Amino acid sequence: MPTDHLKIALPTTDELPCSDDIPVDNEDQNFVPNFLLFLLNTIWAARMDWFFGVDMAVYHTTGVNPRVPIVPDGFLSLGVERKKGGKSRKSYAVWEENEVVPIMTLEMVSHSPGGEYDEKLDIYAKLGVLYYVIYNPEYWRRDQHQPFEVYKLVDQNYQLQIREPYWMAEVGLGIGRYQAVVGGIQQELLSWYDEQGNRYLTAEEIAQTERQRAEQEQQRAEQLAQYLRSLGIDPDNLPSE
């Protein structure tokens, strides 16, 4: 990490733009990272040492100018406050986060290539981002890449990893694709996974599973009561022990 910034007065996040003001060009660029954020709010509800940013400017001192940010579609930092000083972040400045850089960044490729496989890859490598995830479900043939790729920083260079879902041991999470039904429409999403490759369920899925379990228990109770009645036993007046 360069130390030149220690000699100059760096701007605060109150003085810096929260993003690059470049609009996303498809709805999934907002939906998929936000889905990961909402799911993480369930998985790590009791933890206060992480932050997941969506379309938020990350300011750093490894580029030509600390006022020029990189804006991932999503990024995860560990060892920082969920709410910085009890307030929501406007942007993420590494020098205001005890020099904690994101441990994972996510870029979603759109119909307008944005340097995901070259320029941004170099920026994240210089910044020291351990895991760089590129999700390209629509244009991977055009770009001659796979729809889902995870790169890990090894000796200051990114190496493409294999396996899906991919377990990020340093993060304590796996990431991969799955088929979901959202608003009655089936589509592919990214999700978090545990070390055994089990997908973490959403709050809605957990509630639905609990409802189904309760319904099954009710059905078993009704079947048992019906069986007892067939034997001439009143299930509502069973002898007590």
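Report the one residue of 65, 237, 41 whose Cα lies farthest in the direction of the positive end of the charge dipole of the chain (charges on C-beta: Lys and Arg +1, Asp and Glu -1; origin at the Cα centre).
65
How big is the charge dipole of segment 201-241 about its Cα centre, in debye rounded to the nearest 20, if each Lys and Arg gets +1 on its Cβ and each Asp and Glu gets -1 on its Cβ?
The calculated dipole for segment 201-241 is roughly 140 debye.
Compute, for the chain, the length of the dipole vector about the Cα centre, with Cβ point charges of +1 (Lys, Arg) and -1 (Asp, Glu) only. Units Debye, rounded to 20. Show your work: numbers first, answer last.
Values: 21 positive and 38 negative charges, 63 e Å.
That gives a dipole near 300 debye.
Amide H neighbours of residue 193 under 5 Å, at least 5 residues apart or on other chains, H built in the peptide plane: list them.
Here the answer is 174, 175, 200, since their amide H atoms fall under 5 Å of that of residue 193.
What is the P(r) of segment 201-241, as percent of Cα-Cα pairs per 10 Å bin from 0?
With a bin width of 10 Å, the distribution comes to 27, 32, 21, 16, 4.
Kindly provide the helix-only [θ] at 222 nm of the chain, computed as the sum of -39,500 (n - 2.57) over DSSP H runs of four or more divided by all residues, to the nearest 500 deg cm²/dmol?
-7500 deg cm²/dmol
How large is log10 I(q)/I(0) at q = 0.22, 0.24 Å⁻¹ when the Debye formula is applied to the Cα atoms of segment 59-99, each weighted equally and without solvent?
Once normalised to I(0) and log-transformed, intensities are -0.81, -0.95.
Between residue 84 and residues 5 or more places away or on another chain, which pairs have amide H atoms under 5 Å apart, with H built 1.01 Å from N, and which residues are they?
Here 89 satisfy the definition.
Which whole number in µm²/s is D for the chain by Stokes-Einstein, with the Kirkwood Rh taken over Cα pairs at 20 °C and 1.002 mPa s?
104
Bear in mind these aren't lab numbers, they're just calculated from the coordinates by the rules spelled out. Note that the coordinates shown come from a computational prediction; the quantities given were computed from them, not determined experimentally. Cβ: placed from backbone, ideal geometry, glycine included. Neighbour counts: every protein chain shown.
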